[in-house]
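Undergrad: Below is a structure I'd like to ask you about.
Read-outs: derived from the displayed coordinates by stated rules, not from any lab. All values derive from a computational prediction rather than experimental measurement. Positions of Cβ are backbone-derived with ideal geometry, glycine not excepted, and every protein chain shown enters the neighbour counts.
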């Protein structure tokens, strides 16, 4: 398993988002971590949304996809969303209700949350599933 990247969010992330509207971190490849400003969800303003996304058809997913398939789950974006949701529910129930999968599709798993701490947990869970599943 590759070394887990260090969680490093710029201390001035709010300023960066105010200028750029988003910030991306690809150190978690094949996961793309994105922080987005100015999000509205169900009529509620969300200053920063913290999102991960990945395409499970990439070569890096071969071993993990075989294991997911062996469980009877299609290893596409929706299948990965189900696996992540199940793992978070079991091991990190305190953030389960925060998970949003609305942008997930067959070709990509997209999950966002509203806090840095929840995103850190989510990213580490996804990383471990991809590399150690």
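Undergrad: If you wrap the stretch 13-61's Cα atoms in a convex hull and average its projection over all directions, what's the area in nm²?
TA: Taking a quarter of the hull surface, the average projection is 4.1 nm².
Undergrad: Sort 121, 4 so that the residue with the fewest other Cβ atoms within 10 Å of its own Cβ comes first and the one with the most comes last.
TA: Exposure proxy ranking, most exposed first: 4, 121.
Undergrad: Also: Expressed as a fraction of 2.2 N^0.38 Å, the rule-of-thumb size for a compact globular protein of N residues, what is the C-alpha radius of gyration of the chain?
TA: This ratio for the chain stands at 1.04.
Undergrad: Relative contact order, percent, of the stretch 1-122 when contacts are C-alpha pairs under 8 Å separated by at least 6 residues?
TA: With pairs under 8 Å counted, the relative contact order is 21 percent.
Undergrad: At q = 0.16, 0.29, 0.30 Å⁻¹, what log₁₀ I(q)/I(0) does a Debye calculation on the Cα points of the stretch 85-133 give, no solvent, two decimals?
TA: Taking Cα atoms of the stretch 85-133 as identical point scatterers yields -0.43, -1.26, -1.29.
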